[in-house]
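For reference, the structure is listed below as structure tokens.
Derivation of every value follows stated rules applied to the coordinates shown; laboratory data play no part. Keep in mind it's a predicted model, so treat the numbers as computed, not measured. Please note: Cβ atoms are built from the backbone with ideal geometry, for glycine as well, and neighbour counts cover all protein chains shown.
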Amino acid sequence: MRIPGRQECYRIMHMMEMMDHIVAHSLQVCRVALFLSDSLEANLNPDLVQAAALLHDITKTRGIQTRENHAQTGKQLLVDLGYPEVGIIVGQHVLLDGHVTSNTPTEAEVVNYADKRVVHDKVATLAQRIEYIMGRYGTEPERRGYIHVLRERAKDLEDRLFRFCPFAPAEMEALLGPDTCSTELSDYCRINSTGKVATGH
């Protein structure tokens, strides 16, 4: 299994010219996902969680213009780059594929849920995130119906994950603290699209 390290993820993010606010969101999702993967009673691959969380919105900047399904085009991009396992998780960060087949949480579930707990670059409750999604994308009746389905699935996922966790969902924000990922953002800004430290920063 090929998994890009953090620096390689940053290089790919630069290559795709991700907007700054999407970068900040991705860094915070990664922080939440790694915290969860470390807290859950499950055999998870933290490198896989980290890469998929950092790259989950890899084609979203482009998608603002193209209106593409950024989960699926992100998946395809990563498959094409030689990271199929990471791509499979990225493809599921909006909606998980099919039924749960594992008795314990999976990397895809952790990344999917972590994304549902971050509004912009701040950790939030699941309800706050769904309210944000509804306000931003729920302008048409069919979109609102889709978001209601998303909310129910996210709540079911939350209930499942926290059966394997020593704390409740409401406690996670306090346990994580108010970190804005400023150190990670500085590190990201120092790396350019070649994967080298950029000069002049």
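Details
- Choice from G138, G74, G177 showing the highest fluctuation, given a GNM over the chain with Cα pairs closer than 10 Å: G177
- The radius of gyration of the Cα set in segment 15-101, together with its Dmax, comes out at 13.0, 41 angstrom.
- The number of Lys pairs in segment 6-190 with C-alpha atoms less than 19 Å apart, excluding pairs fewer than 8 positions apart on the same chain, is 5.
- Sites listed here are chymotrypsin sites (Phe, Trp or Tyr not before Pro) in segment 107-169 whose DSSP assignment is loop and whose Cβ has at most 11 other Cβ atoms within 10 Å: F167.
- Pair-distance distribution of segment 79-146: all C-alpha pairs, bin width 5 Å, starting at 0; shares per bin in whole percent are 3, 15, 19, 20, 20, 14, 8, 1.
- For the chain, the Cβ-based charge dipole about the Cα centre amounts to some 380 debye (Lys, Arg positive; Asp, Glu negative; other atoms uncharged).
- Using a Förster distance of 25 Å, the FRET efficiency for Y132-F35 (Cβ separation, nearest 0.05): 0.75
- Cα gyration tensor category, rounded, prolate or oblate, for the chain with a/c compared to 1.5: rounded
- Highest mobility in the GNM of the chain, judged by mean-square fluctuation with C-alpha springs under 10 Å and restricted to P178, P105, P169, is found for P178.
- For the chain, modelled as a GNM whose springs connect Cα atoms under 10 angstrom apart, the maximal fluctuation among I64, I133, I89 occurs at I64.
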